[in-house]
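Coordinate-derived values only; no laboratory data. None of the values given here were measured: they were computed from a predicted structure. Positions of Cβ are backbone-derived with ideal geometry, glycine not excepted, and every protein chain shown enters the neighbour counts.
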Amino acid sequence: MNETNSLAAPGLRAGPVPATTLARLDRRLALVEEQATAFLIAAIFAILAVNVALRALGAPLIWADEAAVLLMACAAFLGAAAALARGQHMAVTLLPGALPAPLRAPLAICVDLVVLGFFVTLAWLCWRWFDPVRAFGAQSLQAYSLESYNFIYQERTLTLGLSKLWFWMVMPVFALLSCVHALAALKRDIRRLREGDAR
C-alpha cells in the first residue's frame, strides 16, 4: 500500500512515511480484504451463471438468489474496509484546499479522529447486538433469545437453511478492520505533522 494514502483527502498529505508495525498490519489486512472481496465476487458470478444455465434447463437453484444477495453484502463490507485502507473513499476537498498548508495536517488528524470514532462506535454497537457474554453464558441460545428478544443466533436463511449469524458476522469484522485502518491513518498523519513541525 502506498504510505501516502490516508482517510482524509489525498491533497492533505505529501511525502512517504516509514513503515511501522501498525502500517504493515494495515497493508496486510487490506490485501486480505481485497482478495476475499475478489473471491466473493467470483463466487457470486459463478452461482448466478450456473443458475442461469440450470434455469434454461428447467432446474434452477432455488437458493442462488439469496446466496448472491448475502455474498454481495459481505463483499461490500470487505471492499469498503479495503477502500478505507487505500484512502479510496470519496472526499470533499473544498475546506482543505482553501486552508493554508500549515492547517491541513491538523485537519487531516481531525478527520482521522472522526472516522476512528465512528468505527469504534460501530464496533461497540455490534458488541451490544451480538451480546456474546450473555448469549454464551445462558443455559442455551434459545433461552437467551427468549429472555432478551435478540434472535440473532436463531434466525436462519430462507432457502440456504444456514444461520444468518455467519453472514451478519461481516459487520463486526468490518468494524474491527476499519478501526485498524483508521488508527494506522491517524498514526501516519500525526507522524507527518511532527515531521513538518521539526523542519
*How high is the FRET efficiency between Lys187 and His89 when r is their beta carbon distance and R₀ equals 25 Å, given to the nearest 0.05?*
0.85
_Geometric extent, Cα atoms of the chain - Rg, Dmax (angstrom)_ = 21.3, 72
*Simple spin-label estimate for Leu103 and Leu162 in nanometres, 7 Å along Cα-Cβ*: 5.1
*To the nearest 20 debye, what is the magnitude of the charge dipole of region 19-198 about its Cα centre, counting +1 on the Cβ of each Lys and Arg and -1 on the Cβ of each Asp and Glu?*
420
*Find out how many positive minus negative residues lie around Phe151, taking Lys and Arg as positive, Asp and Glu as negative, among other residues whose Cβ is under 14 Å from that of Phe151.*
0
*Per DSSP H run of at least 4 residues, take -39500 (n - 2.57); add these up for the chain, divide by its residues and hand me the 222 nm value, nearest 500 deg cm²/dmol.*
-24000 deg cm²/dmol
